[in-house]
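Below is one structure; the comments refer to it alone.
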Amino acid sequence: MYNRGKYKPTDKMSDLICGNYNSLQVLSRFELPLGFGDQTVQEVCDSFHVDWNTFLAVVNFISEENSRVADDFEGLSVVSLMNYLKQAHHYFLEFQLPSIRCKLNEAIQPAAGDKVAVLIMKYFDSYTEEVRKHMDYEDKHVFRYVEKLLAGERSDGFHITQYARRHDQVEQKLKELKNIIIKYYPANVNNNLLNSVLFDIFCCEDDLISHCEIEDYLFVPIVRRLEEGEK
């Protein structure tokens, strides 16, 4: 049973959220609603049939920035973690990136002749498409492979280590976009709005890094154990 890290199953869920607001994203991706009163982490998770071991593993992994390599996977649920990752994909592709695009477009208002603004929007759209392809591959191939493993079906053509090798860090282009805006976009725009969208891009970048690390350091190892027959 996973019981390592700062947060414990007996902690109040409200204290966890107030002590680490990044946990709101985890809460959402495990499909846990607000309004849980003084219930503990375990009580809230049990109420909504969420594996609290896996929930705490993700929360503690994100909160313990100086300890990014997990080594205790006892009691973690492959299904629960995979559902979390699927919900994260939905959030990035259907909410966060479209929201940033809308806000960015309003902030720079690309017009004919404004080459930098047009370049920024094209770059952002290219980046979004790259993220979509990356996450679609995971949804359609990696997760289906894992679902077959859970059903007892073995595949000779794919192993989770292949996924780990091709798992390039999709946040790199976001760093480049951020630098283009900071270094080259003219200052005669609505600075409050532009600074606000830059803040959103920084947050998105951090969120994507964390997401990729959860895949690399939690998901891949427990699937590898599944491949080896350790459940």
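Only the coordinates and a few stated rules stand behind these numbers; no lab work does. Nothing here was measured: the structure is a model prediction, and the numbers come from that model. With ideal geometry, Cβ positions are generated from the backbone for all residues, glycine too; neighbour counts draw on all protein chains shown.
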- Note on the structure: Rounded to the angstrom and largest first, Cα extents along the principal axes for the chain equal 60, 49, 29
- Task: List the residues whose amide H sits under 5 Å from the amide H of THR40, counting only those 5 or more places along or on another chain, with H placed 1.01 Å from N in the peptide plane.
- Result: MET13
- Task: Kindly rank 90-101, 214-225 from highest to lowest mean number of other beta carbons found within 10 Å of each residue.
- Result: 214-225, 90-101
- Estimated inter-spin distance, VAL79 and SER196, nm [label 7 Å along Cα→Cβ]: 4.3
- Note on the structure: If one compares the long axis through the Cα atoms of helix 97-108 with the longest principal axis of the Cα atoms of the chain, the angle in degrees, nearest 10, works out at 20
- Note on the structure: Exposure proxy check on CYS204, CYS102, CYS45: fewest-to-most Cβ neighbours within 10 Å is CYS102, CYS204, CYS45
- Note on the structure: Between PHE158 and ILE180, Cβ-based FRET efficiency (R0 35 Å, step 0.05) works out to 0.40
- Helix 115-137 sits at what angle to the longest principal axis of the chain, using alpha carbons and giving 0 to 90 degrees rounded to 10? 20
- Query: If you line up the long axis of helix 191-214 against the longest principal axis of the chain, both from Cα atoms, how many degrees apart are they, to the nearest 10?
  - Reply: 30
- Given labels modelled 7 Å from the Cα in the Cβ direction, how far is it in nm from GLU129 to HIS90? 2.6
